[in-house]
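Notes for the one structure printed next.
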Amino acid sequence: MMISKSMFGSLLAFFVVVQFIQAHGEMIDTNCGEKCLLRCSKASRTKMCLRACGTCCERCHCVPPGTYGNYDACPCYADLTTHEGRRKCP
């Protein structure tokens, strides 16, 4: 049975997309609520921290591990700033 060139191309594209999703799974499949709860667990202003973290997580699809720092794990999260130039994300 012969597979047409367009069918072969479609299958190839599908497998490339699947590989990309598997390689970047954490960025695509992020549970912002749980990760932000952990991130903001030691914050003095928990509600504000959760709101900011949730916004950053929705935009970046990742949250750095731990309660502070580790911005190298999620560069987009570290790059978001307020109008005053301060970090937006906790």
Worksheet item: Once the other residues with Cβ under 12 Å from the Cβ of Leu50 are scored (Lys, Arg +1; Asp, Glu -1), what is the net sum?
Response: +4
Worksheet item: Mind listing P(r) for segment 31-79? All alpha-carbon pairs, 10 Å bins, whole percents.
Response: 32, 61, 7
Worksheet item: Near Lys47, which lysines are there with a Cα under 25 Å away, not counting those fewer than 8 places off in the same chain?
Response: Lys35, Lys88
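Computed from the coordinates by the stated procedures, all read-outs in this text should not be read as laboratory data. Note that the structure is a prediction, hence the values are computed from the model and not measured. Here the Cβ is made from the backbone with ideal geometry for all residues, glycine too, and neighbour counts use every protein chain on show.
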